[in-house]
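Have a look at the structure below, then the notes.
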Amino acid sequence: MLNLILFGPPGSGKGTQAESLVKKYGLLHISTGDLFRYEMSNDTPLGLEAKSFMAKGELVPDSITIGMLKNKVDAFPDVNGYIFDGFPRTIVQAEALDNLLAEKDQSISGLLELKVDEEEIVQRIKKRGAVSGRADDNDENIIRNRIQVYQSETTPVYDYYDKKGLSHSVEGVGSIEEIFGSLTQKIDSLL
Ligand code: AMP
């Protein structure tokens with residue numbers, strides 16, 4: 001099985017690249033941001049709980065996020081592998097993911113980081129906000145808070161997998177096709 005983590009700040013293009021990667025490698029795409037937005041649009045208790053954190057650009061607490069992720073993974077046991085997008089975002093989540101996969105005699109094959117600098121990200125998210133209507137994409141303070149949270153809480157996850165020899169980095173600025181090419185080159189070297 002091929003289990004990938006697509007890593008990078010908000011607005012780095014993870015969702016766009018994940019769409020093409022799932023087609024090429026036959027993986028299940030699991031985006032915790034998408035799962036939370038789905039719950040919110042259905043006004044479920046989980047969605048209501050997540051809403052206040054998302055609106056501020058803060059992380060939803062680990063226990064809630066890990067529980068939701070686990071349910072999704074457990075619901076699709078017969079896949080070729082998973083592509084995790086926007087998860088793990090903390091060390092606690094990374095450890096929980098490793099344990100969850102270990103219970104299934106599986107592990108992370110690699111983490112792929114999309115490198116994009118902060119100003120480029122802010123501009124991209126604002127553009128996306130005009131189309132997506134996402135509240136957290138339409139307020140510069142919230143966007144900058146999300147980037148701050150990424151830097152303080154999420155970047156350690158790169159080092160966590162780097163220590164295991166699993167982290168890889170590609171340039172996240174360029175055409176969608178160029179970036180896809182860099183990602184697939186790395187992924188093919190993991191196979
Ligand atoms: P995203 O679509 O990945 O940018 O996520 C949007 C928002 O959902 C984030 O700003 C968080 O509030 C929440 N979220 C998504 N994934 C996670 C996660 N792994 N841990 C905590 N909060 C998350």
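The values are calculated or read from the model by the stated rules, or taken from the named source; none is laboratory data. Remember, it's a predicted structure, so these values are computed and weren't measured experimentally. Cβ: placed from backbone, ideal geometry, glycine included. Neighbour counts: every protein chain shown.
When the range 168-191 is filtered for residues that are touching a residue at least 60 places away in the same chain (Cβ under 8 Å) and out of contact with any His (no Cβ under 8 Å at 6 or more places or on another chain), the ones remaining, listed by number, are Gly172, Ile176, Ile179, Phe180, Leu183, Thr184, Ile187, Leu190, Leu191.
Residues of the range 158-191 that are basic (Lys, Arg) and under 14 Å from Leu6 (Cα atoms): Lys186 alone. Across the range 98-135, what is the number of residues that are surrounded by fewer than 19 Cβ atoms within 10 Å (Cβ to Cβ), acidic (Asp, Glu) and not in a loop (DSSP other than H, G, I, E, B)? Selection size over the range 98-135: 5.
Hey, among the residues in the range 79-97 that are closer than 19 Å to Leu191 by Cα and over 14 Å from the mean Cα position of the chain (by Cα), which one's modelled with the highest pLDDT? The residue in question is Gly81. Within the range 99-114, track down each residue that is under 13 Å from Tyr82 (Cβ atoms) and of a type outside the set (A, V, I, L, M). Listed by number, the residues that qualify are Lys104, Gln106, Ser107, Ser109, Gly110. Counting only residues that are outside any loop (DSSP other than H, G, I, E, B) and surrounded by 14 or more Cβ atoms within 10 Å (Cβ to Cβ), how many does the range 136-154 have? Selection size over the range 136-154: 12. Taking the condition away from the ligand (no atom under 13 Å from the Cβ), within 17 Å of the chain's Cα centre (by Cα) and assigned to a helix (DSSP H, G or I), does Tyr158 pass? In short, yes.
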